[in-house]
Amino acid sequence: QVHLAESGGVSVQAGDSLRLSCVVSGRTFASYAVGWFRQAPGKEREFVAAISWRGARTDYSDAVKGRFTISRDNDKNTVYLQMNSLKPEDTAVYFCAADEGAKWLNYQYDYWGQGTQVTVSS
């Protein structure tokens, strides 16, 4: 069984920076690609960023490209999402997800965390 736990979500002001963490436990972390998604109230969940199992490949949505950076530390079983220049429209519950195969390339994941709330005030 794979377990994902997000942390780091808080309330901040527009323009601030924030780093989210996702700890993955239960299986060999280094074999998983990990993605971040978010869901704002009344909206569908949307893709934010993803990183391959060794970190050689990253992918970002247009909405966050240039402001957010995804990274991973396989020694700590952790994936990070550094968020800079935050905007009110970044307000959402942020989820991390893991995939052991290649489904992540199509934004599909096998395992999901419970989410962490990020609120950005103007």
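The values are calculated or read from the model by the stated rules, or taken from the named source; none is laboratory data. Bear in mind that the values here come from a model prediction, so they are computed numbers and not experimental data. As a convention, Cβ positions derive from the backbone with ideal geometry for all residues, glycine included, and neighbour counts pool all protein chains shown. Note: areas computed on protein heavy atoms with side chains; ligands, DNA, RNA excluded. Shrake-Rupley method; radii C 1.70, N 1.55, O 1.52, S 1.80 Å.
Tabulated results
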read-out	value
Linear extension gain, S122 paired with V10, 0.36 nm per residue minus alpha-carbon span	38.9 nm
Y111 accessible area, 1.4 Å probe, all protein chains in place, Å² to nearest 10	60 Å²
Karplus 3J(HN,Hα) series, Hz, for the range 109-122 with 6.51 cos²θ - 1.76 cosθ + 1.60 (x for Gly, Pro)	9, 8, 10, 9, x, 8, x, 9, 7, 10, 10, 10, 9, 8
Protein accessible area in the chain, 1.4 Å probe - carbon and sulfur %	44 percent
Accessible area (Å², per residue) of the chain, counting only protein heavy atoms and a probe of 1.4 Å	52 Å²
Per-residue ³J(HN,Hα) for the range 2-8, Karplus 6.51 cos²θ - 1.76 cosθ + 1.60, θ = phi - 60°, Hz, x for Gly and Pro	9, 10, 10, 10, 8, 7, x
Within the chain, percent of DSSP bridges classed antiparallel, to nearest 5	90 percent
Efficiency of FRET between Y107 and A56 - r from beta-carbon atoms, R0 22 angstrom, step 0.05	0.75
Rel. contact order, % - alpha carbon contacts under 8 angstrom, at least six apart, the range 1-107	34 percent
For the chain, projected area of the alpha-carbon convex hull averaged over all directions, nm²	6.8 nm²
Sparse-neighbour loop sites [trypsin sites (Lys or Arg not before Pro); the range 18-108; at most 13 other C-beta within 10 Å; DSSP]	K43, R54, R57, K65, K76
Estimated vicinal HN-Hα couplings, Hz - the range 95-106 in sequence order (Karplus 6.51, -1.76, 1.60; Gly, Pro = x)	10, 10, 9, 10, 9, 8, x, 10, 5, 4, 5, 10
